[in-house]
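A short reminder: the numbers here are calculations on the coordinates, not readings from a lab. Owing to the predicted nature of the structure, the values given are computational and were not obtained by experimental measurement. Glycine gets a Cβ as well: all are built from the backbone with ideal geometry, and neighbour counts include every protein chain shown.
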Amino acid sequence: MAQAWLVLVTALLIAVAAPAAGVTAGQAVADAAARQSHARHGVAAVVTEDPPVRIGADPTGGVGGRVHATVRWTAADGTARTGVTTVPADLRAGDRTTAWLDGRGVLVRNPVTDGEARIQSIAVGTVAAGGTCLLLLATERAGRALIDRRRYALWEREWAAGDTQWGHREAGW
């Protein structure tokens with residue numbers, strides 16, 4: 001009877017907790033991406049030297065189509081600044097690009113796009129929901145093992161009592 005209740009409670013927790021964990025984790029990633037994009041702003045920059053050739057870089061801007069290059073931009077106070085950031089692989093010295101700065105004017109990585117944020121939140125949500133399911137199933141298995149251990153100990157005591165009782169009756173054989 002206890003095992004049946006354990007299975008029922010586990011199933012209900014999986015039905016409720018796993019989706020809740022997935023949605024919560026996914027929303028946290030989406031919120032972090034939104035905060036990141038609000039905390040960064042783009043400025044016009046110029047590539048100061050040809051970026052190094054990267055084997056396997058896709059010049060059309062696909063996966064791996066960004067390389068590190070030194071860029072120059074004008075800060076809010078009017079001073080010229082330089083720094084290294086990622087740019088599309090097809091840019092050369094003198095080409096214009098966008099450099100991303102944080103609130104203090106420090107060069108930072110490009111913010112994630114809406115599509116990237118959506119993919120990341122789905123992936124994290126899926127992992128969180130799956131992890132919650134696995135944790136609940138492992139807990140159910142551990143609970144079942146404890147119930148079985150108690151049941152086996154009870155059977156052992158009953159069997160020992162029966163052996164003692166039968167042993168006295170059959171002593172005359």
(request) Can you tell me the relative contact order of the chain? Whole percent, Cα pairs under 8 Å, sequence separation 6 or more. (result) 29
(request) Would you calculate, for the chain, the mean residue ellipticity at 222 nm contributed by helices, counting each DSSP H stretch of 4 or more residues as -39,500 (n - 2.57) and dividing by all residues, to the nearest 500? (result) -20500 deg cm²/dmol
(message) Could you check the spin-label model distance between Ala11 and Asp77? Points 7 Å from the Cα along Cα→Cβ, value in nm.
(response) 6.7
(request) Kindly write out, for the stretch 81-94 in residue order, the coupling ³J(HN,Hα) from the Karplus curve 6.51 cos²θ - 1.76 cosθ + 1.60 (θ = phi - 60°), rounded to whole Hz, with x marking Gly and Pro. (result) 10, 10, x, 9, 9, 8, 9, x, 5, 8, 7, 10, 3, x
(request) Please work out the FRET efficiency for the pair Thr139 and Met1, using the Cβ-Cβ distance as r and a Förster radius of 22 Å; give the result to the nearest 0.05. (result) 0.70
(message) Take the chain, mark every one of the trypsin sites (Lys or Arg not before Pro) that falls in a DSSP loop and has at most 14 other Cβ within 10 Å, then report the longest stretch left between them, sites excluded.
(response) 110-173
(message) Using amide H atoms built in the peptide plane, which far-off residues or other-chain residues are under 5 Å from Gly65 H to H?
(response) Asp58
(request) Could you list which residues have their amide H under 5 Å from that of Gly83, counting only those 5 or more apart in sequence or on another chain, with H placed in the peptide plane? (result) Val71
(message) Taking the Kirkwood radius as the inverse of the mean 1/r across Cα pairs, report the Rg/Rh of the chain.
(response) 1.45
(message) Along the charge dipole of the chain, pointing to its positive end and built from +1/-1 on Cβ of Lys, Arg, Asp and Glu, which listed residue (Ala4, Leu134, Val46) has its Cα farthest out?
(response) Val46
(request) Would you kindly derive the ³J(HN,Hα) couplings of the stretch 41-52 from the backbone phi angles with the Karplus curve 6.51 cos²θ - 1.76 cosθ + 1.60 (θ = phi - 60°), listing them in order in whole Hz, with x for Gly and Pro? (result) 9, x, 10, 5, 9, 10, 6, 8, 8, 4, x, x
